[in-house]
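In what follows, a single structure is set out as structure tokens and then discussed.
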Amino acid sequence: MERKRGFEIAKGFENSNINLPVRSTKNSAGYDVEAAEDCIIPAFKPGQKPTLVKTGIKAYMKSDEVLILANRSSNPGKKGLILANSIGVVDSDYYGNPDNDGHIMYAFFNFKAEDVEIKKGDRIGQAIFQKYLVTDDDIAQGERTGGFGSTNK
């Protein structure tokens, strides 16, 4: 069977009892993603960097596809968590990169007055596979040389 798209355990998490993302219902667009380990997301202070929450997973897909990382709809209201980048974009060439093997992480800010604890196995977001289009005059030739945030470096 030809592999089209899916999730795998990222290097370094092989013995961490990571659950691969699944859809909750047959009409769900997104795959529920869990935290790979316990972590604290501190209450926001100006100038603070977002907290990267590890998932322990990576995703493979066709070259004309992207994995969109979205927040859970309940996170802002219940936990005060918002994604620092509004949505995450995981390109197909992120998979298996030499820096971090394509390990997917969610970047959160906590706008509540108190720290928020995330436990291993908590659902933190959704991942949605999509096709994308390019313009007629597209000439992109570059190749990924690193991991998280490495485009154009």
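Bear in mind that the values in this text are calculations on the coordinates, not laboratory data. Only a predicted model underlies this, so the values are computations on that prediction, with no experimental measurement involved. Here the Cβ is made from the backbone with ideal geometry for all residues, glycine too, and neighbour counts use every protein chain on show.
Quick look at the numbers
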read-out: The range 6-131: Cα Rg divided by the 2.2 N^0.38 Å rule of thumb; value: 1.03
read-out: C-alpha center-to-center spacing [the range 1-28, the range 78-94] in angstrom; value: 18
read-out: Loop-resident sites, the range 41-78, for trypsin sites (Lys or Arg not before Pro), counting at most 14 other Cβ within 10 Å (DSSP); value: Lys62
read-out: Under the Karplus curve 6.51 cos²θ - 1.76 cosθ + 1.60, θ = phi - 60°, whole-Hz ³J(HN,Hα) for the range 88-94, x wherever Gly or Pro sits; value: x, 10, 10, 6, 4, 7, 6
read-out: 18 Å cut-off, amide nitrogen to a point 7 angstrom out along Glu14 Cα→Cβ, residues in the range 101-119; value: 101-104
